[in-house]
Amino acid sequence: MKKKYDYLIVGSGLFGSVFACEALKAGKKCLVIDKRNHVGGNVFCENIEGINIHKYGAHIFHTNDKDIWDYVNGIVEFNNFTNSPLALSKGKLYNLPFNMNTFYQLWGTKTPQEAKAKIEEQIAIYGVKNPQNLEEQALSLVGKDIYDNFIKEYTEKQWGRKATELPSFIIKRIPIRFTFDNNYFNDTYQGIPKGGYNKLIDGLLQGIEVIKDTDFFSDRQKFTELADKIVYSGKIDEYFDYNLGVLEYRSLSFENEILDKEDFQGNAVVNYSDTTYDFTRIIEHKHFEFGKQGKTVITKEYPKEWTPSTEAFYPINNEKNQALFEKYKKLALNEKNVIFGGRLAEYKYYDMHQVIAQALTRSKKELKND
Ligand code: FAD
Ligand code: UDP
């Protein structure tokens, strides 16, 4: 018997929303459900004092892929925001990512030659040749002073684990440059949707039936029977009732303050590098959209241990969790009518552009085969 929907899409984050949008274009009927009281997953913005607040942490869109950039700009135009965070370490402000400005502020080096010589000297202190973990990776890339001032304590509070117990790929995201360039990303395209991320999600979900406040597992059988296929972007271990074990995450809590002043820190993101502060960064949201409101809203981001009742933000891709994930992945291959995708279902530290690219590839393959 023909079911009511072609696809039941679990999760209205970028993966679910892009898939739904492509399926609708191909003439398919979709139902999107989300357990939260809003759509958009972690890119959702809440408007406070006329400012778009990135409710689940600062989100800066960046990509090298022109097709992805054109795809999102086809839905909402992006502004030219460039992320240039600062780091407060032991009471002093420095530019990030690690570049000629940081090296000058730290050591007084004025030329790329001086800075390179200093970094080589710093790397030689420990002489790590074959990095096996985040600490060794950082020491082999930037050496002792930068590791001690900007990485060790920040990383250990962010992840709640020793830097020696974390995979090295986490730190490879951060560029090191011998130019005076404070752009945090190397990508060609970067920005924030004009009017906020909700415009992007609303555009993707236009014309699609959505039910909020609805957990797939509240009535799994009923939801499964509604559609021919399921697109699942929730946690993969939860899908299999955690029967092989629980995958670990790092969680966060966010503390918002409305301040009766125009500007608090003069920048969207300031990282707090040392353990003097329990939070890792302060976000001042108006700067993402060059806001001129009379008030400002700031958010302190506190890392915290994940429990099944808290939000799962960062997968902890160490050996133990990765091995468990591989077992779930094998089970997922046997679920013929389920498409697993996104940060939680793939247990991967994906950025937005990567999730969109993946949803486009998967939907193209799926809708072509149909
Ligand atoms: P999500 O956005 O997590 O969406 C999954 C959705 O599924 C959620 O809405 C959830 O409620 C729903 N769901 C889960 N289980 C169920 C269920 N059982 N029933 C119903 N619904 C369910 N990326 C960048 O490119 N740039 C950045 O600057 C950036 N900053 C980030 C900062 C933080 C703090 C975090 C955590 C992430 C950041 N990211 C950034 C990554 C970005 O958030 C993700 O790549 C992207 O949002 C993932 O989309 P998704 O659809 O896979 O997952
Ligand atoms: N990191 C750090 N110091 C910083 C910024 C980042 O040590 O000032 C490390 C930390 O381990 C973090 C990783 O680099 O988890 C990736 O940083 P990014 O800013 O990309 O993290 P995200 O925005 O995804 O939280």
Report every pair of residues separated by at least 6 positions or lying on different chains whose Cβ atoms are under 8 Å apart, first residue within segment 261-276 and more than 14 Å from ligand 2 (Cβ to nearest atom), second β-branched (Val, Ile, Thr) and open to solvent by less than 10 Å² (accessible area, probe 1.4 Å).
Lys261/Thr296; Glu262/Thr296; Asp263/Thr296; Phe264/Ile282; Phe264/Thr296; Phe264/Ile298; Gln265/Ile282; Gln265/Ile298
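Is it the case that segment 85-100 has a residue that's assigned to a helix (DSSP H, G or I), more than 15 Å from ligand 1 (Cβ to nearest atom), open to solvent by 40 Å² or more (accessible area, probe 1.4 Å) and of a type outside the set (Ser, Thr, Tyr)?
Initially, segment 85-100 is screened for residues assigned to a helix (DSSP H, G or I), giving 100.
If we keep only those that are more than 15 Å from ligand 1 (Cβ to nearest atom) too, we end up with 100.
After this cut, where a residue has to be open to solvent by 40 Å² or more (accessible area, probe 1.4 Å) as well, the list is none.
No, segment 85-100 contains no residue that is assigned to a helix (DSSP H, G or I), more than 15 Å from ligand 1 (Cβ to nearest atom), open to solvent by 40 Å² or more (accessible area, probe 1.4 Å) and of a type outside the set (Ser, Thr, Tyr).
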Any idea which of (1) in a loop (DSSP other than H, G, I, E, B); (2) open to solvent by less than 40 Å² (accessible area, probe 1.4 Å) is the one Ala115 doesn't satisfy?
(1)
Just checking, does segment 196-219 include any residue being exposed (fewer than 15 other Cβ atoms within 10 Å of the Cβ), within 12 Å of ligand 1 (Cβ to nearest atom) and among the aliphatic types (A, V, I, L, M)?
yes
Quick test for you: out of Asn47, Asn80, pick the one residue that is in contact with a Gly (Cβ under 9 Å, 6 or more places away or on another chain), open to solvent by 10 Å² or more (accessible area, probe 1.4 Å), assigned to a strand (DSSP E or B) and more than 10 Å from ligand 1 (Cβ to nearest atom).
Asn47
Any residue at all in segment 14-27 that is near ligand 1 (Cβ under 8 Å from one of its atoms), farther than 11 Å from Ile201 by Cα, out of contact with any His (no Cβ under 8 Å at 6 or more places or on another chain) and open to solvent by less than 20 Å² (accessible area, probe 1.4 Å)?
no
Of residues in segment 101-112 being out of contact with any helix residue (DSSP H, G or I) (no Cβ under 8 Å at 6 or more places or on another chain) and not in a helix (DSSP H, G or I), the one most open to solvent (accessible area, probe 1.4 Å)
Thr111
Failed item, numbered, when Tyr349 is tested on (1) at pLDDT 95 or above; (2) within 16 Å of ligand 2 (Cβ to nearest atom); (3) of a type in the set (Phe, Trp, Tyr):
(1)
Residue match in segment 167-176 (condition: basic (Lys, Arg) and within 10 Å of ligand 2 (Cβ to nearest atom)):
yes
Here the qualifying pairs (Cβ atoms under 6 Å; residues six or more apart or on different chains; first in segment 24-43 and in contact (Cβ under 8 Å) with a residue 24 or more places away in the chain; second within 16 Å of ligand 2 (Cβ to nearest atom) and assigned to a loop (DSSP other than H, G, I, E, B)) come out as Gly41/Gly13; Asn42/Tyr56; Val43/His59
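So which residues in segment 171-181 are open to solvent by less than 40 Å² (accessible area, probe 1.4 Å) and in contact with a strand residue (DSSP E or B) (Cβ under 9 Å, 6 or more places away or on another chain), if there are any at all?
If the condition is that a residue be open to solvent by less than 40 Å² (accessible area, probe 1.4 Å) and in contact with a strand residue (DSSP E or B) (Cβ under 9 Å, 6 or more places away or on another chain), then Pro175, Arg177 are the ones that fit.
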Output the helices (runs of 4 or more DSSP H) that fall wholly within segment 145-262 and possess 1 or more residues being within 30 Å of Thr109 (Cβ to Cβ), or say none.
152-159, 169-172
So which residues in segment 52-77 are open to solvent by 60 Å² or more (accessible area, probe 1.4 Å) and either over 17 Å from the mean Cα position of the chain (by Cα) or away from ligand 1 (no atom under 14 Å from the Cβ) (or both), if there are any at all?
Asp65, Lys66, Asp67, Asp70, Gly74, Glu77
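The values are calculated or read from the model by the stated rules, or taken from the named source; none is laboratory data. Just so it is clear, the structure is predicted and the values come from calculations on it, not from any experiment. Here the Cβ is made from the backbone with ideal geometry for all residues, glycine too, and neighbour counts use every protein chain on show. Side chains are part of the model used for accessible areas, which takes the heavy atoms of the whole protein and leaves out ligands, DNA and RNA. Shrake-Rupley method; radii C 1.70, N 1.55, O 1.52, S 1.80 Å.
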